[in-house]
Amino acid sequence: MSRNTDRLAPHTFNATRRRLLRGAALGAATLAAPALARAQPGPVIRIGYWPVAAGLPFYAAIEKGYFKEAGLNVEALKFAGAQQVMEAMLAGRADGSANGTGSANLAIGEIASPGLFKIFASNPSNAKNVLDEFIVAKDSPIQSIADLKGKKVGSGPGIQNATLAKAVLERAGATGATVVELAISQHVAAVAAGQLDACYTLEPTGTVGRLNGTTRVLEAGVIAKYVLGDPMAPWFGGSASLTTAFLKKHPEESRKFIAAYARGIELIRNQPNEARPYMKGYTAIEGPMTEAVPLAAYTLYNEFSPSDIQYFQKFFDLFADKGIFAQKVDVASMLYKG
């Protein structure tokens with residue numbers, strides 16, 4: 001602000017007056033700045049998120065003040081799709097991703113720039129901890145995914161969503177279905193209006209449609225069942241990460257960030273009803289509806305079992321087998337080591 005004041009001021013201003021104006025401008029800027037920005041002089045940690053329920057640990061950590069208590073200045077960057085989160089990290093416009101950001105989208109960034117980031121938490125979902133699902137109109141005659149043969153089916157934007165939708169349809173016997181990418185916020189309306197016969201989507205979409213009486217969940221936990229081969233297998237569809245560049249440049253802030261983020265996960269595990277309201281403002285769901293949204297599970301970097309990593313790898317191998325990944329991606333090498 002001071003530079004603008006000097007530039008606009010008449011040249012007849014003397015040095016003393018310029019100093020006074022500069023001091024007043026800086027004082028006003030400080031008063032106007034958010035308390036978080038004034039209190040935290042360290043680097044701004046820019047975290048990209050996609051507005052889905054799985055990002056709850058990040059939303060809760062912000063709203064509960066966990067990052068602030070750790071002395072961190074965290075900026076939440078909302079994107080329309082997980083692929084855009086990855087692209088922002090690749091371009092240096094984001095320092096990490098929140099849970100719910102497609103793990104396969106991140107892997108594509110890893111292929112483009114090896115060592116780009118490290119995953120410190122992932123959100124496994126299945127038939128019990130639901131994130132993924134197919135929805136249809138409330139009064140649709142469709143009773144199974146196989147009934148979508150030859151139908152028009154929507155998916156979220158990005159290569160992960162489209163590839164998984166096609167894989168599930170294929171393995172469920174719904175041959176000839178056409179997959180159309182569409183912003184997740186439009187899924188309920190498109191299905192309810194008959195523009196699409198169904199959508200492969202992520203929570204809270206299914207809950208929103210069910211509670212407003214326009215759509216119903218056809219089947220949930222579909223990736224675990226049709227891609228991993230076990231309805232209760234952990235599908236690590238979304239991951240929270242930090243870029244390697246940020247980890248190396250700011251090791252202390254990185255450790256504090258991960259610890260504060262982990263507090264958000266612990267809140268969900270131990271006090272889910274307290275955490276649920278923090279979806280408001282970050283996702284399409286708010287108010288009483290937050291009580292009905294199924295919550296994903298969370299696995300921190302130091303909690304992965306050998307079996308978890310095998311299922312995570314099986315998920316990535318699908319993309320390599322279908323030629324979406326230019327090469328095989330090793331999950332273990334992408335995990336944060338602490």
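The values are calculated or read from the model by the stated rules, or taken from the named source; none is laboratory data. Source: prediction; values computed, not measured. Quick reminder, even Gly has a Cβ in these numbers, built from the backbone with ideal geometry, and neighbours come from all protein chains shown. To get the accessible areas, we keep the full protein, side chains included, count just its heavy atoms, and leave off ligands, DNA and RNA. Shrake-Rupley method; radii C 1.70, N 1.55, O 1.52, S 1.80 Å.
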Find the helices (runs of 4 or more DSSP H) located wholly in region 39-114 whose residues include 3 or more that are open to solvent by 20 Å² or more (accessible area, probe 1.4 Å) and within 26 Å of Lys328 (Cβ to Cβ), and list them. 82-90, 103-112
Inside region 68-83, can you point out the residues that are in contact with a Gly (Cβ under 9 Å, 6 or more places away or on another chain) and touching a residue at least 60 places away in the same chain (Cβ under 8 Å)? Gly71, Leu72, Ala76, Lys78, Gly81, Ala82, Gln83
Can you name every residue in region 205-237 that is closer than 21 Å to Thr290 by Cα and out of contact with any Pro (no Cβ under 9 Å at 6 or more places or on another chain)? Thr205, Val208, Gly209, Arg210, Asn212, Gly213, Thr214, Thr215, Arg216, Val217, Leu218, Glu219
In region 321-338, what residues are open to solvent by 30 Å² or more (accessible area, probe 1.4 Å) and either among the aliphatic types (A, V, I, L, M) or at negative phi (or both)? Asp321, Lys322, Ile324, Ala326, Gln327, Lys328, Asp330, Ala332, Ser333, Tyr336, Lys337
Sort through Ala189, Ala162 and tell me the only one that's open to solvent by 20 Å² or more (accessible area, probe 1.4 Å) and of a type in the set (A, V, I, L, M). Ala189
Looking at region 298-312, I want the residues that are buried (at least 17 other Cβ atoms within 10 Å of the Cβ) and have a partner that is part of a loop (DSSP other than H, G, I, E, B) with Cβ atoms under 7 Å, at least 6 apart or on another chain. Which pairs are those? Tyr298/Asn99; Tyr301/Tyr336; Tyr301/Gly338; Asp308/Pro234; Tyr311/Leu228; Tyr311/Ala233; Tyr311/Pro234
Look at Arg216 and say whether it is free of Cβ contacts under 8 Å to residues at least 40 places away in the same chain and within 22 Å of Ile285 (Cβ to Cβ). no
Working only within region 167-186, note down all residues that are more than 14 Å from Ala80 (Cα to Cα) and in a helix (DSSP H, G or I). Ala167, Val168, Leu169, Glu170, Arg171
Identify, from the list Pro288, Pro277, the residue that is over 19 Å from the mean Cα position of the chain (by Cα) and of a type outside the set (Phe, Trp, Tyr). Pro288
Out of region 270-286, which residues are polar (S, T, N, Q) and surrounded by 15 or more Cβ atoms within 10 Å (Cβ to Cβ)? Thr283
